[in-house]
Structure formats: C-alpha cells, structure tokens
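These notes are about the structure you will find just below.
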Amino acid sequence: MLEVKVEKRDRARKTTQVKTPWKNSMGDLPMTLSYYEGAMVDMVEDMSKQYPDDVAFIFMGRKTTYRQLFHEIETCAKALKTIGVREGDRVTIAMPNCPQAVEMFYAVNMVGAVANMIHPLSAEKEIEFFLNESESITAITLDQFYNKFENVRKNTKVVNIIIASVKDALSRPIKAGYMLTEGRKIKKIPADAPVILWQDFIKLNRCCFYNYRVRRKSDDPAVILYSGGTTGTTKGIVLTNKNFNALGQQVLAANPIYRHGDKMLAAMPLFHGFGLGVCIHTMLSQGGCCILVPRFTAKSYAKQIVKYRCNFIAGVPTLYEALLRLPSMDGADLSCLKGVFSGGDSLSIELKKKLDKFLYDHKATIQVREGYGMTETVTACCLTPAHMHKEGSIGLPFPDTFIKIVKPGTDQELPYGQEGEILLAGPTVMQGYMNQPEETAETLRTHADGLTWVYSGDLGTMDEEGFVFFKGRAKRMIVSSGYNVYPGQLENILDAHEMVQMSCVIGVPDDYKIQKVKAFVKLAAGVPANQQTRDTLMAYCRKNIAKYALPYDIEFREDMPKTLVGKVAYRILEEEELEKIKAREAEAQPPQDKQD
C-alpha cells in the first residue's frame, strides 16, 4: 500500500510518522519511486520502442505516432548539430503548442543543449532580455513573429534564427483552408532574410552522420523557464532532466487510473511548467497521447475535449470559469474524463462547486482536482486525491515530495493548523535561478534534516493528515490598520454571490490605514453594473466580511486583465490604482508647485 509521509514538527526522516491518506486511491505503488536516470528524450525513445504505432500527438486532425515522433526528433537533432549547436548551448524556443515545438524541444535535449522556453507573444524588449539572459545562440519561432526577433537580433548573441510555420505541420486539406484564412494575415518573410526556414533547416540533417547525440545525466540542466521568483522580478529557472522525468512519474503515481494511450488536452502553453511538464512531457514519457492546441482559448479548449474524447484535461481557474459559460458545451458528453486538474492560480471554493456540478451535469464521474506548485518545482507537487476532498485544500504532496509550514523566512516549523510559509522539497526542485546566486541562496536553503527546501513565499496551513491549505501569497497580503487581510479569502466570499462571476481584491496605498481594500468585480451575465448592484454587494460584504477587511469600493469590470497563462493579473490592477493616486496628487498641487 502506498503511504504518504506526514512528518512531525522537526521533519527529520528518523522521526517521520506514516499515515495513509492516499489509501484506496493509489494502489500498491511504493512511496519512494525509482526515478529514471537519463535525459528526457531517452524516456520518449523508450516509449517509441514500446508503443511505436501508438499516437503520440494529434495536431489539427493530423496524427503522429511514437515511431514518427522519434524519427523527427533525430532528424531535427542532426540539423541542430549541422548548424553548430553543441552541448550546453542555449536554444530559445518561442512557439505555440505545435509539432515543430515538441520536436525541437526534445531535439535540443538530444544534442545536450538547454531549451530556453519563452512566450511567442512576448514584446520585443522582453525577447531581447530572454535571449541575452540565457545567452542563446539559436532561436526558433513562427513566421508571424519574425520581425520581433529580427529587430532585436543585433543586440544579442544569436547566430541562427529558425522560422517555422503552422502550415508546415498541417495535412493538405486543412493546409489549404489555413492559407485562405489565417495564413493570409501573415506577412511574407523577405527572400533575403537572414534566417533558416523550417523545411530548409530539416534538410540540413543530411549533412550530419555521427556524434549528433550527447548522453546527458539526470542532474544536467535541460530547460529554462521564467517566473517572477520570490521578489516579483523575472528570473530564469534552471531545471534538470530529473526534474521533468520525476514529475512525469509522480503524476502517474497519483493517477493510477491512467493507461497508456490515454489522451491529454495539451492547451496549456509550452513556456509554462504546467503545459510543458504535465501536458507534454508527462504524457510523452509515459506513452500517452497529447492533443496539441495552438491557440489557448476557452472555445478551442472545449471543442477539442468533445471532438477527441479527452481523458485528462488541465487548466487555470479563469479558463474553467469561461468554459462554464460556453453555449457549445450544452449537452456535451464528458463521461470520457478520468481527471480534471486545476492549477496555476488559486481555485475558489465557489468555482470548484460550479465546476463539479458542471461535470456531473455532463455525465462525468469525477470532480475537479486542485493542484499546487511553482515553476521552481517545474509545476505541481501537490494534488487532491481522486477519492478524498477537503474543502479549501490543495491536496497532498506527491510521492517523495515534502511540504512543511514554517514561520515566514525561517526554518522554525509551526504546529498543524497554524498559518505560515509553505516550503517544498523533493526531486522536482530546481537547480537554481540563472545568473542570480543571491536570490538562489535566498530561495533554496538546506535544513538540518538534509533536505533542500524551496521558500515559496506562499502562505498556508497543514492538517494532521497532511492536507495542505493555500491561503495566499505572502507578498500579496494586505496590511490594513495593522490587520492582515488575505485577498483570496475575500474573493471566495464575493465569488459566492449570485451576481458575481469573478472578483479580484487588491490593497491600495492609504496614508491612514497603510493600505485599504478595493474589490474589482466582473458581474454575472445580465446583471446591471449600476449603483443598486454595488449597494447590494456592499451590504453582502458587511454581512460576511470583518469590518477591518471591508472593501472601501467595488469597481465593475467587463473583464479582468490576465497574465500570459490566463491568471488574473492583480499587479496590473495595483499599478492602475497607483497611477490614479499619482494623477490625483498632481491635480491637487498648487499652481506654483506645478510651475516649479
């Protein structure tokens, strides 16, 4: 029987107590998994030998088997070697979820280089930063993003830019339709552009016969992903082969219902740990099938679930919230689903209830399972068991993953039920922040128990069965008149009101209170954005929220600003409020002061 270690307060292995909250969900898997000692591409190669004729991925109706996938990876690796990519080099991949991106990702791994994953919609200055921060010598992107890369190229060390096109990965009938619609909008790349087109790049494999494959160890760096880190500034997170391979094995251990050939809807983007780690590598390293979705929208997401009878889907809360309102899902049969995972942002209690009802009404026999993690651990390292849910909990640590709650910034562990900072340890913990030794030392700390812990900057509690409860970002906490106010808790209360579709709560600087609370609300369909609605919601807040945490204002929004992965961008709302304050202060200045 698989058992989860729930450590007592000193968290030393010798005093670890054993409990069995995964019982009846996990089968007879051992608690300590045996991890693959090779590169990511080696695991995919193993799958190509075990299941050569199984479908590895489907892209806009076109199927690719494991045999074909591995052949394309080898072809791409030879081409990379021909243009001079060597062991340890960084290759930037700025692509949507498409075949060329998957093939390039594993080809980079095969030649011993490191894949620098960035969003193709990044602004020019961001692209320049990513290229320079990683010291990339090669980059691949789509034809529609060519100009952005060409404009910053002279300020970087990039030697070769490879340009792919969605049309190159389409079957003939679909390609014709694509060229008449989306393809027509893409500007033609100049004939003399200093780039290598994908088809020409692939042909270069003919010039490489030997030594294109570099055997990398499990602890060698393999991927760079980007995150705000604990300070909110963009940092490159260096992850190893083992980090990704271990994640795949842990996800499988937490989902014993999985069978090879099961289909995962890969709509989460490749530059994000959730998309790359769970939706792509977990599936391809375990014999699954990925449904590649290049455009991340609720509509395309819903269409693919129904069309391909997906078994597993993953998404952020805002995506699921949009899914609930899609007319195209009326009457949809979701009995094919084995797992629905939510991560990347906090799933409110109310949204979970709505999602669970939605799944039940559409013939699904499962409920949404919330996960928790951070890019510093690739992605999820904690998941709600399929058979056992506790309201408000983000679940249990994965096998071999340890979580403890400490007094923020210290190694002083707190008793069960007491709120503190969430710390993580296990095989998916990053190697460190790229070129940031001080921040790495601040975030990764080795304790007396011998484990290296990630200081998450998140607040939470743990109960005696090992269930973890996320309370919010420590840095997002609002301090109002000396009281700690947690936005997530207020958002849960607001979201529970029938008039509210979605909410976001922020702290606004205030001379008297230090910070005062403001709520932004996206109203449910048909609810008028007027003073009467505002008065109704304020009265509701006064009934359900402590006086010190009451919003001083509720602002209605047609939609919330989103990050590139679909999270609510609360920082944008905070910046907007700061700009309003500055504008008011400027207006309030006497004319003489303005003149001076």
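The values are calculated or read from the model by the stated rules, or taken from the named source; none is laboratory data. Note that the structure is predicted; figures quoted are calculated from it, not measured. Cβ placement follows ideal geometry from the backbone for every residue including glycine, while neighbour counts extend to all protein chains displayed. Just so you know, the surface numbers come from the protein's heavy atoms only, side chains and all, with ligands and any DNA or RNA stripped out. Shrake-Rupley method; radii C 1.70, N 1.55, O 1.52, S 1.80 Å.
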Hydrodynamic radius by Kirkwood for the range 377-514, inverse mean 1/r across distinct Cα pairs, in Å, is 16.7 Å
Roughly how many Å² is the accessible area per residue of the chain, as a whole number, for a 1.4 Å probe?
-> 43 Å²
Between helix 570-588 and the chain: long-axis angle, C-alpha atoms, 0 to 90°, nearest 10 = 50 degrees
Quote to one decimal, in nm, the extra length available between Glu465 and Asp53 on full extension: 0.36 nm per residue of separation minus the C-alpha distance between them.
-> 144.0 nm
What is the magnitude of the charge dipole of the chain about its Cα centre, with +1 placed on the Cβ of each Lys and Arg, -1 on the Cβ of each Asp and Glu, and no other charges, expressed in debye to the nearest 20?
-> 1440 debye
Would you mind putting 282-288, 205-211 in packing order, based on average other-beta-carbon counts within 10 Å, highest first?
-> 282-288, 205-211
The correct pair for the range 212-312, radius of gyration to one decimal and Dmax as a whole number, both in Å and from Cα atoms, is 15.2, 42
Go ahead and collect, in residue order, the members of the range 278-303 whose backbone nitrogen is under 20 Å from a label point 7 Å along the Cα-Cβ direction of Asp333.
-> 302-303
Please determine, in degrees from 0 to 90 and to the nearest 10, the orientation of helix 349-361 with respect to the longest principal axis defined by the Cα atoms of the chain, where the helix direction is its Cα long axis.
-> 60 degrees
Determine which lysines satisfy two conditions relative to Lys547: a Cα distance under 18 Å, and not lying fewer than 8 residues away in the same chain.
-> Lys513, Lys516, Lys518
What the Cα atoms of the chain span along the principal axes, largest first and in whole Å, is 72, 69, 54
With R₀ set to 45 angstrom, the calculated FRET efficiency between the beta-carbons of His260 and Asn151, to the nearest 0.05, is 0.50
Positive-pole candidate from Thr461, Tyr416, Ser480, dipole of the range 390-484, charges at beta carbon | Ser480
Helix-only mean residue ellipticity at 222 nm for the chain, each DSSP H run of n ≥ 4 adding -39500 (n - 2.57), per residue, nearest 500 | -8500 deg cm²/dmol
When the convex hull of the C-alpha atoms of the range 22-158 is computed, what volume per residue in Å³ does it have?
-> 168 Å³
Label Asp345 and Glu126 with points 7 Å out from Cα along Cα→Cβ: what is the distance between them in nm?
-> 1.5 nm
How large is the convex hull of the Cα atoms of the range 41-101 per residue, expressed in Å³ as a whole number?
-> 92 Å³
One would report the antiparallel percent of DSSP beta bridges in the range 47-193, rounded to the nearest 5, as 25 percent
Reachable lysines, given that their alpha-carbon falls under 16 Å from the alpha-carbon of Lys217 and they are not under 8 places away in the same chain = Lys242
Using the structure shown, list the pairs from Lys125/Lys187; Lys338/Lys407; Lys187/Lys567 with a Cα-Cα distance above 29 Å, or answer none.
-> Lys338/Lys407; Lys187/Lys567
In whole Hz, with x marking every Gly and Pro, tabulate ³J(HN,Hα) for the range 234-239 from phi via Karplus 6.51 cos²θ - 1.76 cosθ + 1.60, θ = phi - 60°.
-> 5, 9, x, 9, 8, 10
Indicate, rounded to the nearest 5 percent, the antiparallel portion of the DSSP beta bridges found entirely in the chain.
-> 60 percent
Residues with amide H under 5 Å of Gly457's amide H, sequence separation 5 or more or different chain, H placed in the peptide plane at 1.01 Å from N; which?
-> Ile422
Going by alpha carbons, how many degrees (0 to 90, nearest 10) lie between the helix axis of 40-50 and the longest principal axis of the chain?
-> 60 degrees
Carbon and sulfur: what percent of the chain's accessible surface (1.4 Å probe)?
-> 50 percent
Estimated inter-spin distance, Thr32 and Met538, nm [label 7 Å along Cα→Cβ] = 6.1 nm
Could you check the simple spin-label distance between Leu326 and Ile581, using points 7 Å along Cα→Cβ, in nm with one decimal?
-> 4.0 nm
Viscosity 0.890 mPa s, temperature 25 °C, Stokes-Einstein D of the range 384-462 from Kirkwood C-alpha radius, µm²/s | 181 µm²/s
Nearest 20 debye, what's the magnitude of the dipole of the range 265-403 about its Cα centre given +1 on Lys and Arg Cβ and -1 on Asp and Glu Cβ?
-> 460 debye
Descending semi-axes in Å of the range 333-375, equivalent ellipsoid built from Cα gyration tensor | 21, 12, 6
What is the dipole size for the range 186-227, taken about its Cα centre, with +1 at each Lys and Arg Cβ and -1 at each Asp and Glu Cβ, in debye to the nearest 20?
-> 160 debye
Here the FRET efficiency for Lys307 versus His387, based on Cβ atoms and R0 = 35 Å and rounded to 0.05, is 0.75
Listed here are the pairs Lys148/Lys263; Lys235/Lys263; Lys353/Lys471; Lys303/Lys354; which of them are more than 26 Å apart at the Cα?
-> Lys148/Lys263; Lys235/Lys263
Per the rule of 0.36 nm per residue minus the C-alpha distance, extending Val159 to Glu558 adds in nm 139.2 nm
Dimensionless Rg/Rh of the range 302-359 - Kirkwood Rh, Rg from C-alpha atoms = 0.93
